[in-house]
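Notes to accompany the following structure.
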Amino acid sequence: MAFTTRLLALIGVVMLISAAAPAPQASDWTRTVTQTASGSFVMGNPAAPVKLIEYLSYTCPHCAEFSAESAAVLRGRMVKSGKVSIELRNAVRDKLDLAAAALARCAGTQGFFATTDALFEHQRDWYPRGAQFIETNNARLGLYPESARLRAYADGAGLTAMMKARGLNDAAIDACLAPPALAPVLKMTREAWSTITGTPTFFVNGKIVANAHWHELQPVLEAAGA
């Protein structure tokens, strides 16, 4: 009888501990980022049933608007849950865009998406500043080698200051703006503009959704199973 009483008491304690223990947390797939062989970056569950590809430009205001409008649901719910993966591909429109793209890629898999978010969040600051710098200094900058010219664009726009605040030093920034580092984004851009006509352009499981706002893309994703 005493043994049975002690056993029941022990079972009760175990049940109380189990009830108090927090439930296992579901995977947060926004923490999973990989880089493809072509150089694009993918966030989310590799086995996600809905695969979203976005062609973007860092100097595209519509892209910045989409980034802000979609974040809470697209990443915060759809990607996080594992139902959607999102692949970002560069479709560079101009030299300032190329500098921004090269620097975002310089952040690597752990920093690419956060850097992309920052570039879009502050686009209204660095983009006009960079455009004004280029207009004022265009004749002089035309004499520079390509990588030095891109560095000047990045400096003039305030992009290098942004990247230094994110942990990159001058040597790393220069390396990211050098021809070998630019090759993948230039190749991606050529392939992009042979397929699309504007940014942002989306593909949902291989089907194009061109120049859509978030409120237009969201139902397409949901219909696909997001």
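Seen from Ser57, the other residues with C-beta closer than 9 Å to its C-beta sum to a net charge of -1, counting Lys and Arg as +1 and Asp and Glu as -1. Any chance you could check the Cα centroid distance between region 34-98 and region 116-137 for me, in angstrom? That distance is 21 Å. If you take all other residues with their beta carbon under 9 Å from the beta carbon of Trp29, and give Lys and Arg +1 and Asp and Glu -1, the sum is +2. Summing charges over neighbours of Met188, with a neighbour being any other residue whose Cβ is under 14 Å away from its Cβ, gives +1 when K and R count +1 and D and E count -1. Remark on region 77-132: hydrodynamic radius 12.6 angstrom, per the Kirkwood mean of 1/r across alpha carbon pairs. Dividing the convex hull volume of the alpha-carbon atoms in region 96-164 by its residue count gives 68 Å³ per residue. A dipole drawn for the chain from +1 and -1 charges on Cβ atoms has a positive end, and of His213, Asn45, Ala152 the residue lying farthest that way is Asn45. Over the chain, the fraction of Cα-Cα pairs per 5 Å bin, rounded to whole percents and listed from the shortest bin up, is 1, 7, 13, 16, 17, 13, 9, 6, 4, 3, 3, 2, 2, 2, 1, 1, 0, 0, 0, 0. Using C-alpha pairs under 8 Å with a sequence gap of at least 6, the mean separation divided by the residue count of the chain gives a relative contact order of 25 percent.
Read-outs: derived from the displayed coordinates by stated rules, not from any lab. What you are looking at is a predicted structure, and each value in this text was computed from that prediction instead of being measured. Because the Cβ atoms are built from the backbone with ideal geometry, glycine has one as well, and the counts that use them run over all protein chains shown.
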